[in-house]
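Scroll down for the structure; my scribbles are underneath it.
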Amino acid sequence: MKLFITAISLIALPLLVVAQVKPTRILGTFVYQKKVYNYDFSMLAADRYSFNISRAFTRSTHSDTTIKDLSKTTDQTAMEEETNEEEISDQPDKTGKNGSDTTNAGALPLSGFDVDGFVTLFTEIMTEIQGATDNDTLGNVAREVFFSIKARLQFVDDEPVTAYLILKKDRINSFLKNNSSTYYRGVYGLLYFNHFINHVSVETEGGAIKNITVQVVDTSLAARSIQSPRDYIEFKNQFPISISGKFDPEKFANIKLYAYNAAGIRGLTRYIKMGDLLTLNIVLESEKEDYSPSDRTVALSPANPIAELKKEKRSRILEIAAFTDFIGLDQEEPNGLIQIEARRKININSKSNLLINASKDELSENVQFGKIEKTVILERKKKKVLYGLKLRGSNTKYLPLTKAEKDKLIVGEGDESTLKKIDSFGWQTVVVKNRKFHSPYFTLFPYIEPKLLFSKLEQHNRVIDSGKLVSNQITPIQLYRYQLASFGAQVNIIRFNFPQLKFNVSPLNIGYYWFRTRVGSPSDSLTQNSIPLNSQYFSWGAQVNFQPDHRWGASLSAEYIREKILNDAYSLTNKNGLFQYGFDGHLKTGDYSKLFFRFRWTHEHHNRNDNFTQIQLGYSLNLFVGPSNDDKK
């Protein structure tokens, strides 16, 4: 075992050192006179740099939240004048794009990177975009930024930055999905409403944004600093959002984050567009196609609008674990007293989809906002709501329809006379279905997992006894049980996730493995008279993973194994294959270590009496990093 670990160390350590590079671009923030500024520093070539400062801030515009009287009757709700959704998202106003004013002086070149030249350039840029005159204070801020950048440039990071996640603005518009509430007539029933972004939390896992929560508050109250931090609306993603490919940032425009039962109001649902909220600035590197960050959590806010997304530590690219088999403690059992396993999960596809898509039939997907003057709820039922949309140019305040006419419209059976009546008044009707949100989602081909295994490192029962073979025929259970080493990979074909139930199901995993055994008498050594056998097997399996906590987890698995000997002198007694059932559990004992428990029961197909059991305890740790403080306690 010591020889194996030494060999791994000698191979991996030089790779880890050579692969480490210093950053060539640094994004960051600093504060000057209670205002947040962003900077972009780039290394263009040797002794050539560029530096840029920009500022994004929010101005108070109370007109954004002017509220009209929305309570007319129980079945009628008037809403303020709206514009088209795309126009709302894209058109700038006096405060910039959706309430964000970006002041930018443009990137300026630096012929060298020294503190005096940097302070001079920094002061010039701040004077241009801010009109700052306090050169002493600016000089102190410039020196802090300079030494921060210099430290980053000189630091050889074991976790290279793969992308920057940037909060695009301080304010954002939300749109109405539906409002089936029987009592609410407030501002969140408007077709669109402007919010101040209070806090954004992002969790990445498996090359995707697994969870994102956006807390927003009333813009006018936030501007006057009277908004309670406990009074907010929270928007969330429905399923993981892929960020592993170079074109994934462009797809943010198609992603919506929803607030179901917004503000605690049952039946009221609003959404925001992720493309209006965030941008992902990926870091380009040669020989790199996967921009997946490591599993981590980052936070964004108007005061901290930029977050680094880093790759996994190079020393953690391979997960290496040592197992001991309690059955193998019996010297008569060939289970392998010590087994060494190295594996790596590689992301293939990080795009997920809802099992049941409830995003259709949204009000804002079926109308042109630019033509609407106000909206009235004509009829409200449990699963559907009939909206009357007053178009520009109509002088009719309310649309007179009988209950029978409304009922026919809401089920899509409105007759021609009713439709003409609506059209003559300059109105339009839209039916919105109030669908329930379903959280399960699925992912096709999420990952492939190569695995290398060394086993049977003790001195007993290391070879198949040739004296017990008949016509050089080996049973499938013997061939599998006596393997000394194996290497292969398993592909996860499809995975179903059930977040509310804290588990996921992979109904189909397909694997291919090469493995090696030896045939000889029990007295033969591995290097003298025993005969090596190269074999292969295909596997088809299913797995259920329980993920209640990041500190521990468990899984159940079932697998069918079909073997073939790659040596014409030997053959299998039958081609029925093997069935294997397993249970795996793990417990994190520190930042870089896990304790594993593994149970396996393997038997031949059609012959359960020919079987063997494995009960293993293993420990996974980082071979190249010392114990953390948590491990020492």
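The values are calculated or read from the model by the stated rules, or taken from the named source; none is laboratory data. This is a predicted model, so every value here is computed, not measured. All Cβ positions, glycine included, derive from the backbone under ideal geometry; neighbour counts span all protein chains shown. These area figures cover heavy atoms from the full protein model, side chains too; ligands, DNA and RNA do not enter into them. Shrake-Rupley method; radii C 1.70, N 1.55, O 1.52, S 1.80 Å.
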Q. Can you tell me which of GLU285, GLU234, GLU250 is under 29 Å from TYR37 (Cα atoms) and assigned to a strand (DSSP E or B)?
A. GLU234
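Might you check whether a residue that is out of contact with any Ser or Thr (no Cβ under 8 Å at 6 or more places or on another chain) and open to solvent by less than 40 Å² (accessible area, probe 1.4 Å) occurs anywhere in the stretch 507-516?
no
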Q. In this structure, does LEU578 turn out to be open to solvent by less than 40 Å² (accessible area, probe 1.4 Å), farther than 21 Å from PRO450 by Cβ and at pLDDT 95 or above?
A. yes
Q | Number of the condition not met by ASN529 [criteria: (1) part of a loop (DSSP other than H, G, I, E, B); (2) open to solvent by 50 Å² or more (accessible area, probe 1.4 Å); (3) closer than 20 Å to SER571 by Cβ] | A | (3)
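Can you work out which of the residues in the stretch 246-289 that are of a type in the set (D, E, K, R) and under 22 Å from THR162 (Cβ atoms) is surrounded by the fewest Cβ atoms within 10 Å (Cβ to Cβ)? Show your work before the answer.
From the stretch 246-289, those of a type in the set (D, E, K, R) are 246, 248, 250-251, 256, 266, 270, 273, 276, 285, 287-289; that's our starting set.
Filter again for under 22 Å from THR162 (Cβ atoms), leaving 246, 248, 250-251, 285, 287-289.
On the way: LYS246: 14, ASP248: 21, GLU250: 12, LYS251: 16, GLU285: 14, GLU287: 4, LYS288: 13, GLU289: 8.
Among them, the one singled out is GLU287.
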**Q.** Test for VAL31: is it at pLDDT 70 or above, open to solvent by 50 Å² or more (accessible area, probe 1.4 Å) and not in a helix (DSSP H, G or I)
**A.** yes
(Q) Could you go through the stretch 538-559 and let me know if any residue there is in contact (Cβ under 8 Å) with a residue 60 or more places away in the chain and in a strand (DSSP E or B). (A) no
